[in-house]
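Everything on this sheet refers to the single structure shown next.
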Amino acid sequence: MEIIIRKDADSAAYLVAKLTAKAIKAKPALTLGLATGRTMEIVYDKIVEMHKAGKIDFSKASSFNLDEYIGLEPTDENSYRAYMNKFLFDRVNIDKSKTNVPLGMAKDVQAECKRYEDAINASGGIDFQLLGIGMNGHIGFNEPMSSFSSLTSAKLLNEATIKVNEKLFPNPEMMPRRAITMGVKTILNTKRAVLLATGESKAEIIAQAVEGPMRASCTASALQMHPDCIIVLDEAAAKNLKMRDYYDFIFNSSDEWAEFR
Ligand code: F6R
């Protein structure tokens, strides 16, 4: 795990956008893993700006999103497919037929989970995965107690997630209580994972995920086992980290990060 701390949410998001651009430049046919959520909106804005400036070309890239609500049509404005169209796919030159989001309206949910996991594997695996973190430590919708060996599956959302996300629906009752999500193992199988967390509300859960023991009750802590995981934070989200000086020392002294300092 590498921990990179930037002064504010804007510069943290910019660093994530630059990492994404660099990955696509190095491998134009990149398989991207994508996240939704409020934290990511600013990252996608920055990626779109870079695309307009000719710095990111998505023409050969493909993507898999982490999750989707069960029971929402892709055309529903609250679906994650609609979110992705709005914040990224409609604004860059990605071939939409190569973008994948789990089908929340699938009749056979188990079969859809298997189809999705198989499609990720058939693509050769996810090269570069973007992640956010929930207030309960979830990555994707891997709620507390999700197994670290889980593959794409259907999850019942827990109270903390419902409380935060129902505010985004016109009426809280409209928020589905179930979702399809890549599993913890699916995420651990990605070649590089980049998690972005910003704001003071994430400080406590970030400290637990990064420096606490690995435990299924905070599924983001499984990222400690990921072979190439970068955690990008703003000052506010990094506030409770105990080894802060060491993380800064690594970032400021390693050649790999010279171009991002
Ligand atoms: C979204 C996802 C979630 C979010 C997390 C943080 O696809 O997988 O894990 O990344 O809930 O959401 P925000 O950014 O809204 O705090």
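The values are calculated or read from the model by the stated rules, or taken from the named source; none is laboratory data. Since the model is a prediction, treat every value here as computed from it, not as a measurement. Don't worry about glycine lacking a Cβ; one is built from the backbone with ideal geometry, like all the others, and counts go over all protein chains shown.
Observations
- Which numbered condition ASN121 misses (of (1) among the polar types (S, T, N, Q); (2) within 14 Å of the ligand (Cβ to nearest atom); (3) assigned to a helix (DSSP H, G or I)): (2)
- Output for the stretch 82-102, where each listed residue is in contact (Cβ under 8 Å) with a residue 40 or more places away in the chain, under 14 Å from GLY71 (Cα atoms) and either among the hydrophobic types (A, V, I, L, M, F, W, C) or part of a strand (DSSP E or B) (or both): none
- Within the stretch 72-91, if we keep just the residues that are more than 22 Å from LEU156 (Cβ to Cβ) and buried (at least 23 other Cβ atoms within 10 Å of the Cβ), the residue that is nearest to the ligand (Cβ to nearest atom) turns out to be MET84.
- Under the condition of being free of Cβ contacts under 8 Å to residues at least 60 places away in the same chain and crowded, with 21+ Cβ neighbours inside 10 Å, the residues counted in the stretch 57-71 number 4.
- Residue match in the stretch 140-148 (condition: more than 12 Å from the ligand (Cβ to nearest atom) and charged (D, E, K, R)): no
- Qualifying residues in the stretch 12-35 (those that are more than 14 Å from LYS46 (Cα to Cα) and small (Gly, Ala, Ser)) - the one surrounded by the most Cβ atoms within 10 Å (Cβ to Cβ): GLY33
For (1) within 12 Å of the ligand (Cβ to nearest atom); (2) within 16 Å of ILE4 (Cα to Cα); (3) of a type in the set (A, V, I, L, M), each residue gets a yes or a no:
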{"site": "ILE133", "(1), (2), (3)": "yes, yes, yes"}
{"site": "LEU157", "(1), (2), (3)": "yes, no, yes"}
{"site": "ARG178", "(1), (2), (3)": "no, no, no"}
{"site": "LYS185", "(1), (2), (3)": "no, no, no"}
{"site": "ASN189", "(1), (2), (3)": "no, no, no"}
{"site": "VAL210", "(1), (2), (3)": "no, yes, yes"}
{"site": "ASP228", "(1), (2), (3)": "no, yes, no"}
{"site": "ALA237", "(1), (2), (3)": "yes, yes, yes"}
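- Checked across the stretch 34-44, the condition of being more than 16 Å from the ligand (Cβ to nearest atom), out of contact with any Lys or Arg (no Cβ under 8 Å at 6 or more places or on another chain), among the charged types (D, E, K, R) and without any contact (Cβ under 8 Å) to a residue 60 or more places away in the chain holds for no residue.
- As a summary of the residue check, ILE139 satisfies the conditions (1) buried (at least 22 other Cβ atoms within 10 Å of the Cβ); (2) touching a residue at least 24 places away in the same chain (Cβ under 8 Å); (3) in contact with an Asp or Glu (Cβ under 7 Å, 6 or more places away or on another chain) except for the one numbered (3).
- For the stretch 191-199, the criterion of being more than 14 Å from the chain's Cα centre (by Cα) and modelled with pLDDT of 95 or more is met by at least one residue.
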